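Scroll down for the structure; my scribbles are underneath it.
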Amino acid sequence: MFLDNFFTIGQQVLVLFILIAVGFVCGKKGVITEHASKVMTDIVLYVVTPCVMVSAFQRDFSMEILGKIGIAALTAGAIIGASIILCRLVFRSKDVSRKKVLQFAVIFSNCGFMSLPLQKQLLGDDGWFFGSIFVAMFNIIVWTYGLVDMSGDKKQLSIKKIALNPGIIGAVAAIILFVLPFQLPPIIAQPITHLSALNTPVPMLIIGYYLSKANFRKAFTDGGAYLASLFRLIIIPFAAAFAMLALHLDKTMVIAFTIASAAPTAATTTMFAAKFNRDVELSVSVVTLTTVLSLVTMPLIVSIIWSIA
């Protein structure tokens with residue numbers, strides 16, 4: 001059972017890494033440039049991610065599903081909230097710039113780019129549905145707590161920034177359409193479905209591009225990056241999974257959230273580090289290291305949880 005799950009999940013993760021490898025080669029050859037990667041990132045954030053959420057929520061309304069949405073949102077928030085508390089206790093370096101990057105890197109996983117494709121492949125539409133809820137909570141917390149903590153400035157927080165965040169817009173639109181007593185007509189739903197399908201290849205190409213510019217020697221020799229990887233890839237996903245199992249939550253949600261929790265560090269870490277003059281090199285090291293190590297850790301952790309769920 002375990003080996004079957006491991007090879008099934010490992011195969012799907014390997015597919016993602018082959019796409020990442022294509023992005024890596026394109027980055028090395030100059031096919032994907034820095035400008036192109038930024039444009040592709042904007043397309044994913046402002047077009048693809050909202051479409052993913054709307055598409056995932058296109059199902060018949062019922063109070064049961066509405067209740068699941070509430071439970072899933074609370075659970076996702078609790079996982080990220082517990083990660084925040086844990087990181088504040090563990091990462092206490094006197095170097096504020098380094099401390100902020102390590103904390104952010106552990107708290108925020110690549111739950112959109114890396115997790116949603118895997119949730120879709122392994123769990124179908126239900127996995128995608130729960131994964132979208134996790135991404136919605138991620139966006140709320142990263143653009144509130146994450147923004148203020150990384151910048152060290154509460155003035156960075158504004159209702160406008162939260163309201164105009166594409167992930168929040170997509171989540172609100174998805175829930176409104178879900179509650180309405182009708183579904184989108186095919187002429188609108190089909191383009192949204194096609195755009196949602198871009199959520200697998202395009203983000204992987206972007207990750208591959210960033211890896212092509214990374215300093216692997218630096219990434220694999222930083223002790224802080226290894227400690228962050230231990231918490232990001234092993235301790236947090238296992239703790240989250242066993243807590244959910246102890247509460248007897250929906251099996252599909254448990255596996256979907258384990259995938260989200262076991263994902264490598266979010267690329268947002270580097271974007272925020274650069275924007276607020278934190279340790280950018282360290283952020284790149286952690287993103288690089290966790291992404292490479294997740295090729296082994298994600299299949300291992302998810303297959304263990306799948307076997308006992």
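The values are calculated or read from the model by the stated rules, or taken from the named source; none is laboratory data. Computed from a predicted structure; not experimentally measured. In this analysis, Cβ positions are derived from the backbone assuming ideal geometry, glycine residues included, and neighbour counts consider all displayed protein chains.
Laid out as a table, the results:
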| read-out | value |
| --- | --- |
| Test: residue in the stretch 88-101 that is at pLDDT 90 or above, closer than 25 Å to VAL13 by Cβ and either outside any loop (DSSP other than H, G, I, E, B) or of a type in the set (Lys, Arg) (or both) | no |
| Odd one out for ALA163 among (1) loosely packed, with under 12 Cβ neighbours inside 10 Å; (2) hydrophobic (A, V, I, L, M, F, W, C); (3) touching a Pro at 6+ places or on another chain (Cβ under 8 Å) | (3) |
| Residue in the stretch 98-105 that is surrounded by fewer than 24 Cβ atoms within 10 Å (Cβ to Cβ) and without any contact (Cβ under 8 Å) to a residue 24 or more places away in the chain present | yes |
| Verdict on VAL13 being part of a helix (DSSP H, G or I), among the aliphatic types (A, V, I, L, M), over 25 Å from PHE272 (Cα atoms) and touching a Ser or Thr at 6+ places or on another chain (Cβ under 8 Å) | yes |
| Check on ASP42, out of contact with any Pro (no Cβ under 7 Å at 6 or more places or on another chain), closer than 23 Å to ASP250 by Cβ and either loosely packed, with under 14 Cβ neighbours inside 10 Å or of a type outside the set (Ser, Thr, Tyr) (or both) | no |
| Selection status of SER158, hydroxyl-bearing (Ser, Thr, Tyr) and buried (at least 17 other Cβ atoms within 10 Å of the Cβ) | no |
| Selected residue [in contact (Cβ under 8 Å) with a residue 12 or more places away in the chain, among the aliphatic types (A, V, I, L, M), over 30 Å from THR297 (Cα atoms) and in a helix (DSSP H, G or I)] from ILE169, ILE236, ILE207, ILE187 | ILE169 |
| Boolean, GLY146 is out of contact with any Leu (no Cβ under 7 Å at 6 or more places or on another chain), within 23 Å of LEU293 (Cβ to Cβ) and in a helix (DSSP H, G or I) | yes |
| Only listed residue being buried (at least 18 other Cβ atoms within 10 Å of the Cβ), within 17 Å of the chain's Cα centre (by Cα) and over 17 Å from GLY10 (Cβ atoms), chosen from ALA228, ALA262 | ALA228 |
| Close pairs (6 angstrom Cβ cut-off, 6 or more residues apart or separate chains): free of Cβ contacts under 8 Å to residues at least 24 places away in the same chain in the stretch 65-80, part of a helix (DSSP H, G or I) and buried (at least 16 other Cβ atoms within 10 Å of the Cβ) anywhere | none |
| ASP126, sole failed condition from (1) closer than 21 Å to TRP143 by Cβ; (2) in contact (Cβ under 8 Å) with a residue 24 or more places away in the chain; (3) surrounded by fewer than 24 Cβ atoms within 10 Å (Cβ to Cβ) | (1) |
